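The values are calculated or read from the model by the stated rules, or taken from the named source; none is laboratory data. For clarity, every value in this text was computed on a predicted model and none was experimentally measured. In this analysis, Cβ positions are derived from the backbone assuming ideal geometry, glycine residues included, and neighbour counts consider all displayed protein chains.
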Amino acid sequence: MVTTTAPRISFREEVENLLHAEEGASLVRCIQCATCSAACPVVEFMDHSPRLLIGLINAGMKDEVMASNTFWTCASCYACTEKCPEGIRPADVMYALTRFSLWRDTFDRDWVAPEFSRRFTRTILRTGKSYEPGYAPAFIFEGGFPGVVREMQMALKLLAKGRLPLIPARIKRIRNLRSMVARVMPLDGIE
Amino acid sequence: MTRYAYYPGCSLETMAATYNVSTLEVAHKLGIELEELEDWNCCGATAYSHVDELLATVLCARNLAIAEKQGLDIVAPCNACFKNLWTTNAAIKRDADLADHMNYALEADDLHYGGHVEVSHIMEAFTTPEALEAIRSKASERLRRLRVAPYYGCQIVRPRRPGLTLSQVDDPQYFEELLRAAGADPVSYPYKLRCCGAALMVTNRRAAVQTLRDLLQSAVDSGADVIATACPLCQTNLECYQAEVNRAYGTEYAVPILYFTQLVGLALGVGLKRLGIGKELVSAEAVLKRPVAAAAKE
């Protein structure tokens, strides 16, 4: 019996396909020079440096890549992207991987970042605008009780200076905005 | 008279209200008209791009389409808003399929985007040769001898836009030029383009606090009296979490963090209150008095 197997795309191609609206060189161009890692201001908080992560992607090591905290640690400062001698855009690759990990539900439940981005996005789909005080309460417990007290003290000071709004703003045509978004992605995917 | 569609961004209605009022004051003094974008929505910060690329694109496309309807180019005072609007604009302009998809979505809000809008950071509007000349000619001695660390942040320069040279991205000088025009002394320090930690302040506190420490130390080493920012997130992180840096590292930083528009406004004769000075958590009162006192001693 003859069996045929449809050609499968590599993990690198999967990642690159997530970057369709972005420009930049293919990851195959990576020469592992680590300029990206050297430029990164938060590399020491990542379990894999940007260089290593790109190497792992090129090697097709999907599980290792998706288990990494690297892309959720990226602050989007684009220092790597500015410096890459091969024209790769590592910061955009990090964004692509965050999307991939949300869709595939592969992120670690203990990480704050994925939930923060989801919460942020849900707020916008409800009001059209960001509302800073709405995100804080869910996350300040990170610092334990003293952390909560400190955040509350700061909030009170900001309130006294008139810098904290009590009521979230809302755009006028929020219904249209929701219909608009529904034309590019299913709303219940996020809500 | 120069007119722009003004996209304040969400922070300028809340935490960064002082950036908003000082921007409007400076624009007024320079004869630049800022017409607020009608019913604008959030640019998405970094969150939408974490969730969905088309979502991130369509929400910025709506703002671009509204500006096109108003017949004006956009200026944004926030680095992240600027970067998101700029990159979305570029993506739509170079990709006809993406433009079609966006316009299909924009129909839901009776909008259409034909790609006729340009996006600038508000600092670009305030550093044109004409604006700089106007500032130079109108500036008082108010900022004399005030040592200001110009903090560009990230997304005002990165990712690099076509046409910009390496040196314009590696060592831009327009912020310094603007401060000099306003009569202040910009200091030189290596971290003027380094990240403030951005949203990591919420999602990875230790990483953000360390980047802030590096940044504050770099500015303090340069002898800065004050750090001037061009982004509400940079300002909030540097100011609101300075105490947290001090706790974590045993440091004693007390550096006031002002918006560049507050300093320029002061030089142009706008009152402290109208610029929102006095609402900082790290008071700028002492350093804003200092130059005058120091000058008097000589």
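Restricting attention to the stretch B:145-171, the residues that are on the phi > 0 side of the Ramachandran plot, touching a residue at least 12 places away in the same chain (Cβ under 8 Å) and either within 12 Å of another protein chain (Cβ to nearest Cβ) or not charged (D, E, K, R) (or both) add up to 1. Does residue B:33 fit the bill of being surrounded by fewer than 23 Cβ atoms within 10 Å (Cβ to Cβ) and touching a residue at least 60 places away in the same chain (Cβ under 8 Å)? So residue B:33 fails the test.
Of everything listed in (1) within 20 Å of residue A:103 (Cα to Cα); (2) within 14 Å of another protein chain (Cβ to nearest Cβ); (3) outside any helix (DSSP H, G or I); (4) free of Cβ contacts under 8 Å to residues at least 60 places away in the same chain, the single unmet condition for residue A:9 is (2). Being more than 7 Å from every other protein chain (Cβ to nearest Cβ), at pLDDT below 95, in contact with a helix residue (DSSP H, G or I) (Cβ under 8 Å, 6 or more places away or on another chain) and under 22 Å from residue A:100 (Cα atoms), is that true of even one residue in the stretch B:51-66? Yes - at least one qualifying residue is present in the stretch B:51-66.
The residues of the stretch B:37-50 that are touching a residue at least 40 places away in the same chain (Cβ under 8 Å) and either away from chain A (no Cβ under 13 Å) or of a type in the set (S, T, N, Q) (or both) amount to a single one, B:46.
Would you check if there is a residue in the stretch B:70-86 being more than 7 Å from every other protein chain (Cβ to nearest Cβ), under 20 Å from residue A:181 (Cα atoms) and in contact with a Leu (Cβ under 8 Å, 6 or more places away or on another chain)? Looking for residues that are more than 7 Å from every other protein chain (Cβ to nearest Cβ), under 20 Å from residue A:181 (Cα atoms) and in contact with a Leu (Cβ under 8 Å, 6 or more places away or on another chain), one finds at least one in the stretch B:70-86, hence yes.
The condition of being at the interface with chain B (Cβ under 9 Å from one of its Cβ atoms) and surrounded by fewer than 19 Cβ atoms within 10 Å (Cβ to Cβ) holds for only one of A:23, A:64, that being A:23.
Each residue in the stretch B:227-275 was checked for being aliphatic (A, V, I, L, M), outside any helix (DSSP H, G or I) and crowded, with 24+ Cβ neighbours inside 10 Å, and 5 of them qualify.
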